[in-house]
1. For chain A, with equal point scatterers placed on the C-alpha atoms only and solvent neglected, what are the log10 I(q)/I(0) values from the Debye formula at q = 0.20, 0.22 1/Å, to two decimals?
2. What is the range B:77-137 by shape, rounded, prolate or oblate, if you read a ≥ b ≥ c off the alpha carbon gyration tensor as root eigenvalues and call it rounded for a/c under 1.5, prolate for a/b larger than b/c, and oblate otherwise?
3. Which value, in debye to the nearest 20, describes the size of the charge dipole of chain B about its Cα centre when Lys and Arg Cβ atoms bear +1, Asp and Glu Cβ atoms bear -1, and nothing else is charged?
4. Computed over the Cα atoms of the protein assembly as shown, what is the convex hull's projected area averaged over all directions, in nm²?
5. With a 1.4 Å probe and all protein chains left in place, how much accessible area per residue does chain B have, in Å²?
6. Take peptides B:42-48, A:27-33 and line them up by average Cβ neighbours within 10 Å, highest first, as a rough protection proxy.
7. Looking at the range B:177-222, which residues lose a minimum of 30 Å² of accessible area between their chain alone and all protein chains in place, measuring with a 1.4 Å probe and not counting ligands or nucleic acids?
8. Charges at C-beta only: +1 for Lys and Arg, -1 for Asp and Glu. How large is the resulting dipole of the range A:3-111 about its Cα centre, in Debye rounded to 20?
Amino acid sequence: MHEYSIVQSLLDRVEAEAAARGATVVHRLRLQIGEMSGVETALLRSAYETFTDRSICAGADLEIVPVAVRWGCPACGTDLPSGSALRCGDCGGPARLTAGDEIVLERIEMEVPDV
Amino acid sequence: MCETCGCGDPDVVPVEVRESLLAGNDRTADHNRQHFAAQGVMAINLMGSPGSGKTALLEATAARLDGRQRLAALSGDLATDRDAARLARAGIPSLSITTGSACHLDARLVHEALHELPWQEARWLFIENVGNLVCPAIYDLGQEANVVALSVTEGEDKPLKYPVMFHKADLVVLTKVDLLPHLPGVEIEVIEDALARTMPEPRVIRASAVTGEGIDEWLRWLEGRQADSTAVAASGEVVAGG
Ligand SMILES: Nc1nc2c(ncn2[C@@H]2O[C@H](COP(=O)(O)OP(=O)(O)O)[C@@H](O)[C@H]2O)c(=O)[nH]1
Ligand SMILES: [Mg+2]
Ligand SMILES: [Zn+2]
Ligand SMILES: [Zn+2]
């Protein structure tokens, strides 16, 4: 259940951004979570609900954008179809994950007092 | 919004962050990596299920080396220091990192432990991660290589069920092969085929801590990996210096 650790990092980051801008309320967060990131979206959501209860994120919407797995060949740049062997069809080199391992905080929408 | 008095109405502002939530861990891991490089120590992140034979592999490694090479070990354990005690008995200076409820080691836990263990004298530092096929895979510790111990009794489908860990593995040590004669249903080729579907560069060593099979090959792999990383570091210095 490293989803709790992930939510802790998320809170730390959001609190720092909020403090830097004097924000008092967070409305919405957007994350990108890759299908091969090792993070379970459902577990992440329940950790988020439990953990953010009394934080600046309390009540803030959590939007999770899933990112599909993509493999490519680092040697020749070819995209490999998903589910195929992890070898480049053109040059035979080993494939690399080019997308799908994201655990990324994209965007925070927060309420900043008017000056 | 406050049309009556117009005082200090809050505005909702979007802040684009676009940063990995692991960035903090990754920075600490890079810091650990610099420590290891500065001392010429190769750190290995040894992962696998509980009971897959991680500690036994390290015991067999120490027994084969018989003091010819200095080792050190950190072992992540939920509650006890039994693994560290076993490794110490095998002659490996060891320290246990008790993680409590956390199911994985992270770079900060390793960094703190580096202050407690005389790892600088070792040539190889083994970090036995918490037994778990999911969580440890996403936390970089600053290691040179990821090694997964997978026992022949775990089921052929484990690589396909836990692709995140296996796709990041530089090496899989297939452990307990001495048990194969007692496991008529297990075909080693099926396990290796599953590994080839999750590892872009599948590298597998069949080993047994009981018979000692594969231990020499494992030692050669470690030697080779260290030679490669030293060569890369040396060429990096040339580039940086020029
Ligand atoms: N037959 C056999 N048993 C092994 C081997 N390696 C480990 N074991 C046994 O498997 C169990 C778990 O081993 P251990 O090293 O503690 O696994 P860890 O939890 O991954 O560190 C112990 O009872 C070991 O004696 C092996 O190569 N062959
Ligand atoms: Mg162990
Ligand atoms: Zn975890
Ligand atoms: Zn190619």
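1. For chain A, the Cα-only Debye profile gives -0.97, -1.10.
2. prolate
3. 760 debye
4. Taking a quarter of the hull surface, the average projection is 22.4 nm².
5. Solvent-accessible surface per residue comes out at 46 Å².
6. B:42-48, A:27-33
7. So the qualifying set is B:Pro200, B:Glu201.
8. 240 debye
The values are calculated or read from the model by the stated rules, or taken from the named source; none is laboratory data. Worth saying up front: this structure is predicted, and the values here are computed from it rather than measured. Don't worry about glycine lacking a Cβ; one is built from the backbone with ideal geometry, like all the others, and counts go over all protein chains shown. When the accessible area is computed, the model is the full protein with side chains, heavy atoms only, and any ligands, DNA or RNA have been set aside. Shrake-Rupley method; radii C 1.70, N 1.55, O 1.52, S 1.80 Å.
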